[in-house]
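Contents: one structure, followed by commentary.
The values are calculated or read from the model by the stated rules, or taken from the named source; none is laboratory data. These numbers were taken from a predicted model, which means no experiment stands behind them. Every residue, glycine as well, gets a Cβ built from its backbone with ideal geometry; the counts of neighbours run over all protein chains shown. The protein model used for the area step is the full one, side chains on, heavy atoms only, and it has no ligands, DNA or RNA in it. Shrake-Rupley method; radii C 1.70, N 1.55, O 1.52, S 1.80 Å.
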Amino acid sequence: MDLQHWLREAARSNQEWSAAFGPYETHPSLRVDDGRFGEVFGEFTERLKDNYPFFHPRYAGQMLKPPHPAAVVGYATAMMINPNNHALDGGPATARMEREVVADLAGMFGFAAHLGHLTTSGTVANLEALFVARELHPGLGVAYSEEAHYTHGRMCGVLGVTGHPVAVDDRGRMDLDALEELLRTGRVGTVVLTAGTTGLGAIDPIDRAVALREKYGIRLHVDAAYGGFFTLLAGAAGPEGLAEGPWHAIARCDSVVVDPHKHGLQPYGCGAVIFADPEVGRFYLHDSPYTYFTSAELHLGEISLECSRAGASAAALWLTLRLLPLTAGGLGGVLAAGRRAALRWSEMIGGSEVLKLYQPPELDIVSYYPVTDPAALSAIDPASERILQRGMAGEDPVFVSTLRASDRAFAARHPGVTADADGARILRSALMKPESEGRVEWLHTRLEELAATRT
Ligand SMILES: *Cc1c(COP(=O)(O)O)cnc(C)c1O
């Protein structure tokens, strides 16, 4: 699609809609001269060049990529109206779009019923899930794996509940024996399971954890902020297909969080929280003297902790999902390419003399480290850092990221590496752009060159 054309159409449709209300004058205090704007805009765009090329396959670092052009157009078009999805009165059209996309997300996870809404981030979405969990299990703690996103420990502090980190196995997945031991103490009311950890993409054994839900009367919350959309590849044919177990088990959990601004092609400011039991809406109830005069049933402002929220986020997601629906052949095709890229690259790393695979990719994150002499954590750490820095400099740049692995985590995967430090940085590449698939050979060659240059 032609982005410039559709951005012009966005402005045109806004003018057409505005014109229907009759003429009005922009106040002189708001007027800006085009010449002056041009000057400032020049300075502005110059400053924006101080960014990494997230859009380009050269960028194989953090979970970052630009939104799909459809999301850009959807966001810009709605933003010109600037609806606020806090309340139905803030923007009926985008509030309805939000309900529709949330229903789509709930459907993707197989929820029979649901209550949910978009949030500005995965952090807020998880906070809301843990808030509801606390209300349902007052006085009890929350368990999450040692590899879970740091937000869970932090938000337990905010909510005044005790957080219990649980040990992980040699692939970074929650150890259910360790979890059960903790559950037997009776001190835990909610377990957070991660479907795709931020560091390595590890998927906790959600299917096996479901059995513990009944046995210990716990709540299960799934943090799928990064991994959620990989549900679309559960049981898919081809190398990108994922074991269905954990993904299908999400439907039997109590809540789930997914970030459309990570793998849903959206600009930042778009997370989502979905509850299986619509009754939890009661925990949000409050009296507001400011809003709500047209809606009878619970609306978005009544089921979220945030107040003002961009209706444009819902609009962008709605437009995107109409074009790239939540199916294996729609958005699933985008994730499949990244996953195939990760599998292919890790295979090549497996045959390398200068790079070693840290662990096989669970989703689309490749983790690896340079071969050093001696093979010791104290040598791997600076070598990883050197590759990161050297990669970004020079004529043929490549952008990767580092991840800190503890000595214990390293020993579980590579017992031959001397643990002469409490951990080491390794290299990590999130291949979340489908274009990466066509650049795997280049990526590998470039990283091998960097790893082979020892000084
Ligand atoms: C990114 C992420 C979060 C935090 O989400 P934000 O949108 O960055 O606030 C939480 N959990 C997991 C697993 C994540 O990957």
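Among the residues of segment 170-217, what is the count of those that are within 29 Å of GLY338 (Cβ to Cβ), open to solvent by 50 Å² or more (accessible area, probe 1.4 Å) and in contact with a helix residue (DSSP H, G or I) (Cβ under 7 Å, 6 or more places away or on another chain)?
The number of residues fulfilling the criteria is 3.
For residues in segment 133-164 being surrounded by 15 or more Cβ atoms within 10 Å (Cβ to Cβ) and closer than 21 Å to ILE365 by Cβ, which is farthest from the ligand (Cβ to nearest atom)?
Only one residue fits best here, namely GLU146.
Rundown of residues vs (1) modelled with pLDDT of 95 or more; (2) closer than 30 Å to LEU447 by Cα; (3) of a type in the set (A, V, I, L, M), yes/no style:
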| residue | (1), (2), (3) |
| --- | --- |
| TRP17 | yes, no, no |
| GLY38 | yes, no, no |
| PHE44 | yes, no, no |
| PHE54 | yes, yes, no |
| PRO69 | yes, no, no |
| MET80 | yes, no, yes |
| LEU88 | no, no, yes |
| GLY91 | no, no, no |
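Could you tell me whether any residue of segment 171-192 is within 16 Å of the ligand (Cβ to nearest atom), at pLDDT 95 or above, over 15 Å from the mean Cα position of the chain (by Cα) and within 28 Å of SER313 (Cβ to Cβ)?
yes
With the structure loaded, tell me whether ARG339 is within 19 Å of ARG171 (Cα to Cα), modelled with pLDDT of 95 or more and open to solvent by 10 Å² or more (accessible area, probe 1.4 Å) or whether it fails that test.
Values: within 19 Å of ARG171 (Cα to Cα): yes; modelled with pLDDT of 95 or more: yes; open to solvent by 10 Å² or more (accessible area, probe 1.4 Å): yes.
Yes; evaluated as a whole, the condition is true for this residue.
Quick one: which residue in GLU385, GLU362 is surrounded by fewer than 15 Cβ atoms within 10 Å (Cβ to Cβ) and outside the structural domain of THR194 (by TED's automatic domain parsing)? Spell out the reasoning first.
Working: GLU362 fails: surrounded by fewer than 15 Cβ atoms within 10 Å (Cβ to Cβ).
When all the criteria are applied, what remains is GLU385.
Looking at (1) touching a strand residue (DSSP E or B) at 6+ places or on another chain (Cβ under 9 Å); (2) under 24 Å from PRO66 (Cβ atoms); (3) in a loop (DSSP other than H, G, I, E, B), which is the one condition that is false for PRO374?
If we test PRO374 against (1) touching a strand residue (DSSP E or B) at 6+ places or on another chain (Cβ under 9 Å); (2) under 24 Å from PRO66 (Cβ atoms); (3) in a loop (DSSP other than H, G, I, E, B), just (2) comes out false.
I'd like to check something: does segment 264-275 contain any residue that is more than 16 Å from the ligand (Cβ to nearest atom), assigned by TED's automatic domain parsing to the domain that holds GLY172 and surrounded by fewer than 17 Cβ atoms within 10 Å (Cβ to Cβ)? Let's see the steps before the verdict.
Pass one, segment 264-275, residues more than 16 Å from the ligand (Cβ to nearest atom): 275.
This time we only want the ones that are assigned by TED's automatic domain parsing to the domain that holds GLY172, so: 275.
Now narrow it down to the ones that are surrounded by fewer than 17 Cβ atoms within 10 Å (Cβ to Cβ): none.
No; the residues of segment 264-275 include none that is more than 16 Å from the ligand (Cβ to nearest atom), assigned by TED's automatic domain parsing to the domain that holds GLY172 and surrounded by fewer than 17 Cβ atoms within 10 Å (Cβ to Cβ).
Given the residues ALA133, ALA143, ALA113, ALA167, which is the only one that is in contact (Cβ under 8 Å) with a residue 40 or more places away in the chain, more than 22 Å from THR231 (Cα to Cα) and in contact with a helix residue (DSSP H, G or I) (Cβ under 7 Å, 6 or more places away or on another chain)?
Details: ALA133 fails: in contact with a helix residue (DSSP H, G or I) (Cβ under 7 Å, 6 or more places away or on another chain); ALA113 fails: more than 22 Å from THR231 (Cα to Cα); ALA167 fails: in contact (Cβ under 8 Å) with a residue 40 or more places away in the chain.
The match here is ALA143.
For residues that are open to solvent by less than 60 Å² (accessible area, probe 1.4 Å) and under 25 Å from the mean Cα position of the chain (by Cα), scanning just segment 40-57, find the one that is farthest from GLU395 (Cα to Cα).
The qualifying residue farthest from GLU395 (Cα to Cα) is PHE54.
Can you find a residue that is within 22 Å of the chain's Cα centre (by Cα), under 21 Å from SER436 (Cα atoms) and open to solvent by less than 10 Å² (accessible area, probe 1.4 Å) anywhere in segment 368-381?
First, the residues of segment 368-381 that are within 22 Å of the chain's Cα centre (by Cα): 368.
Restricting the remaining residues to those that are under 21 Å from SER436 (Cα atoms) gives 368.
Checking which are open to solvent by less than 10 Å² (accessible area, probe 1.4 Å) leaves us with 368.
Within segment 368-381, one or more residues are within 22 Å of the chain's Cα centre (by Cα), under 21 Å from SER436 (Cα atoms) and open to solvent by less than 10 Å² (accessible area, probe 1.4 Å).
Report the residue count in segment 69-124 for those that are away from the ligand (no atom under 16 Å from the Cβ), open to solvent by 30 Å² or more (accessible area, probe 1.4 Å) and of a type in the set (Val, Ile, Thr).
Selection size over segment 69-124: 3.
What about GLU240, is it in contact with a Lys or Arg (Cβ under 8 Å, 6 or more places away or on another chain), within 18 Å of ARG340 (Cα to Cα) and away from the ligand (no atom under 16 Å from the Cβ)? Quick ask: steps written out before the conclusion?
On the way: in contact with a Lys or Arg (Cβ under 8 Å, 6 or more places away or on another chain): yes; within 18 Å of ARG340 (Cα to Cα): yes; away from the ligand (no atom under 16 Å from the Cβ): yes.
Yes, satisfied.
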